[in-house]
Each structure stands twice: as C-alpha cells, then as structure tokens.
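Step one of this worksheet: look at the structure below.
Every number here is computed from the coordinates shown, using simple stated rules; none is lab data. Quick caveat: nothing in here was measured; it's all calculated off a predicted structure. Note that each Cβ is placed from the backbone with ideal geometry, even for glycine, and that neighbours are counted across all protein chains shown.
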Amino acid sequence: MHNFTYWSPTEVVFGKDTEQQVAHYVKKYGGSKVLLVYGGGSVKQSGLLDQVIGLLEEAGLAYAEFGGVQPNPTVEYAREGVAKAIEFGADFILAVGGGSAIDTAKGIAHGAANPDVDIWKFWSREVEVEKSLPVGVILTIAAAGSETSASSVLTNRETGSKRGLDNVAFNYPKFAIMNPELTFTLPVYQIACGVTDIMMHTLDRYFNPLDNKLTDAIAEALLRTVIANGAVAVKEPNNYEAMSEVMWCGSVSHNGLTGLGGIGDFAPHQLGHELSAMFDIAHGASLSVVWGDWADYVCHAKLSRFVRYARNVWNITEGSEEEIAQAGIRATVDYFKSIGVPTCFSEAAEIGVQSEEVLADLTERCTFQGTRTIGSFQELDGEDILNIYRRVNR
Ligand code: NZQ
Ligand code: ZN
C-alpha cells in the first residue's frame, strides 16, 4: 500500500427534503451573507432557487445571486463572481447545482478571500491558496463529485486550457445537501454523462500499478452499483432508489476512498479535459470518448488488473487472460453506448473526425507544451497521447 492521508471533512446531508435545512447548515458554518451561485437556469425552472431564497430569508440570512454559470465553467466568469462576492461582502458561498456551479463557487471563495490575487494564479500553480471562504452545496446532479472533493476544475478561455486545482485544505465544501429528488428534472443525457464520470472517477484510481485488497474491493462494489443503477436511472429518471444509489456513488467515487493506497492514474481525465476545452463537450462524454482506446492501448502494462476488473465488475470468467481482459473493455464500451454516451470522435456531435493537425494540437496541450507526461498505470508521453487520440479519431 502506498502511503496516504485521508480526510473527508464535508458534512453530507442526504435524502428527501434535506434542502429544507439549508439555512441551519449555512449558519452552522458561519455564514450570514450568502452568495448563491447557480447555473444556466435549471434551478429557476424547477423552483429550487426560489425555495432556497425563501428559506434564507426566513432565517434572516442576507443573500445575493450569481447565476449563469455554464458547463465547463470559465475562470473569466468566476472572476465576475469574485467581484460580486466582494461588492456584496459575502462571508459564505452557496452553490446550488452541479460540478460547474460548485467549482465556480470554490473559485469565487478563493478569490473573495484573496482580493489581490487573480484567481487563475491558483489554477496555474503560481500562487498557493492559503485562505478562502466557506462553501456549501445543494447538489442537483450526480456526476462530478465536487460536492465532496478537494478539487475544482476551471477553463481559461483565453489560453484554451482546462485545469484542476487540488487543495485539501480549502476545496472541500463544508456541507453537501443531497436530495436525489432534485435530480428528477435532469435530461437523460446528463444522467448518462454523470454515471460515466462517476465510473471514471473510480476507474482512474482503480487502474494503477498497485494492488490493494480493501480499496480495490470498495472500488469494484461501487462500479457494480453505479453500472446497475445507472442503467435504471437513464430509463426511469424519477426512480428514487436508483438515483439515490447513483448519487451516493458520485460522492464516494471522488472523495478519495476508492483510491486509498494506490497511485491514481487519471490519464483518461487528462485526455478528456483537452476535448472539453477545445470542443466544449460535456465532461462525462469527453471521458467515454477516450476510455476504450486508452484501455486498449495500456492494458498490457498490467493485464492482470484488467482481468480482475472484467471478472469482479462484469462477471466475465470464460477464456484466456487476454480474452477476459478484452471482454471487460468491450463490456465497458458497450455499456457507455447503451446509456447513450459517445465512444469515439465521430459519435460525439461536438467533435467529429478531426485532422492530424488538430490531434497534434490536442497532444501539445495535453502535455502542457511538452512539459509533462500523464498516467501512472502506464506513463504516457506525447507520442503515446497522439497515438491514443489517433485511435479515438474514427
Ligand atoms: O446550468 P443549468 O441550467 O443548471 O443546467 C445544468 C447543465 O446544463 C444541468 N443540470 C444540472 N442539474 C440539473 C440540470 N438540469 C435539469 N435538472 C437538474 N436537476 O446539467 C448540465 C450539466 O451541469 P454541470 O454542473 O456542468 O454538471 P457536472 O456536475 O457534470 O459538472 C461538470 C463540471 O465539473 C468538472 C467537469 O470538468 C465539468 O467542468 N469536474 C469537477 C470535478 C471536481 N471539482 O472534483 C471532478 C470532475 O472530474 C470534473 O472534472
Ligand atoms: Zn470527472
């Protein structure tokens, strides 16, 4: 087992009607002037925003609104949120929505607490976050796991780069209110993208050079659960039990538990981030696009891991080790297809088949202009990354 520290400090408030307790939790974590951060309109249409505002008013909490956050949120828009938070004098940032609203809320919290620093400097690693404002979450989509993660992902439109900022001291939300019923208004495609992302947060930790009995068994149980319940949720978006399982998988998949003692790989996430940055494709779809070809490319680095995955997650037992491993990869890709997410460039409406020049550009960006490799299951350099993008380009 690789050395690790584990700290998962977010207070999870799970179940029906839990959003009713929002004012209590804001006060518990010191909020009196709340900046509400939300997306492009779903929380207005569902009535959730009005409900939350009513609850804050009833509890005597001052609030201001910062809506309009788009999927694949930008640092440019988060900067506007920082200005709003400072102007209002916010002492608490409340995200109502999914990963995009939550990650923007985290960015605003860092910026408002450090008004002299341009927030991109935190994401570009030029400056360390050393103080921030508290963030709370009311989750409306099971997907990114940002509600209990130490990460925040923003895109810089000017440079075309999408970057994650990991910070265990300041990126964990104080609380995450998770009522599966709040997801019932989701379009089926977004449910499928969420299920994919949840799988990928687990797979990107599971495929690593080390074997760990408990951690691997937790990861496999989570994968079986999200795969089975995800298949139900895309057919019955109002199935409370199925969505409850998916939602809880979403948080556990990305709070660190499924990778303890391993060395996370996360190459598919890095390959996918460049696709979202260039083509604005939904995050989950950017991962299903690359995963099958990534898996095919790296599986011989440690075939036994792919065999174990096929056996324990997909119950595939017949054939040689090679055949079992390949069948596990195929089962995963077929599952992605069955829930309606793309598995190559031509299946993704936002992407389509690209020129060699674009593939080279994606590779250049993914290697941070030739300054890094990605992955730990198999370390991938620029040539490998280009080879994988070429395979996906069909
Ligand atoms: O903007 P609105 O109108 O709210 O619509 C959203 C958006 O269009 C919609 N939606 C959300 N809840 C809804 C709903 N529509 C109807 N009913 C509801 N209940 O769904 C769309 C997607 O929302 P978004 O917040 O973008 O989804 P997700 O949670 O997948 O977040 C994706 C972002 O998180 C980042 C991704 O890269 C991407 O930018 N990630 C963040 C991570 C983290 N902080 O730990 C880790 C992940 O790997 C990921 O990178
Ligand atoms: Zn993800």
By how many degrees, between 0 and 90 and to the nearest 10, does the Cα long axis of helix 188-206 differ from the longest principal axis of the chain?
70 degrees
Largest-first principal axis extents, alpha carbons of the chain, Å:
66, 44, 42
What FRET efficiency, computed as 1/(1 + (r/R0)^6) with R0 = 41 Å and r the Cβ-Cβ distance, is obtained for His2 and Glu356, rounded to the nearest 0.05?
0.60
Least to most buried among Thr148, Thr317, Thr215, Thr104, by other C-beta atoms within 10 Å and fewest first, runs Thr317, Thr215, Thr148, Thr104
Any idea what % of Cα-Cα pairs in the range 1-148 are farther than 23 Å?
33 percent
Once normalised by the length of the chain, the mean sequence separation of its alpha carbon contacts under 8 Å that are 6 or more apart gives a contact order in percent of 15 percent
Pairs of alpha carbons in the range 291-350 whose separation is greater than 19 Å (percent):
30 percent
Between Ser346 and Gln369, the two model label points (7 Å from Cα along the beta-carbon direction) sit apart by a distance in nm of 3.6 nm
Cα principal axis extents for the range 76-120, largest first, Å:
28, 21, 13
At 25 °C and 0.890 mPa s, the Stokes-Einstein diffusion coefficient in µm²/s for the range 62-140, with hydrodynamic radius from the Kirkwood sum on alpha carbon pairs, is 198 µm²/s
With charges set only on the Cβ (+1 for Lys and Arg, -1 for Asp and Glu), what does the dipole of the range 34-174 come to about its Cα centre, in debye to the nearest 20?
340 debye
Within the chain, helix-based [θ] at 222 nm, where runs of 4 or more DSSP H residues each add -39,500 (n - 2.57), nearest 500
-15500 deg cm²/dmol
Would you grab the residues whose amide H sits under 5 Å from the one on Ala64? Only those 5+ places off in sequence or on another chain, please, with H modelled 1.01 Å from N.
Val34, Leu35, Leu36
Quick check: the angle from helix 283-298's long axis to the longest principal axis of the chain, C-alpha only, nearest 10 degrees?
30 degrees
Highest GNM mean-square fluctuation among Glu321, Glu58, Glu80, for the chain with Cα springs under 10 Å, belongs to Glu58
Tilt, helix 382-392 to longest principal axis of the chain (alpha-carbon atoms), in degrees rounded to tens, equals 90 degrees
Using a simple charge model, +1 on the beta-carbon of Lys and Arg, -1 on the beta-carbon of Asp and Glu, nothing else, what dipole does the chain show about its Cα centre, in debye to the nearest 20?
520 debye
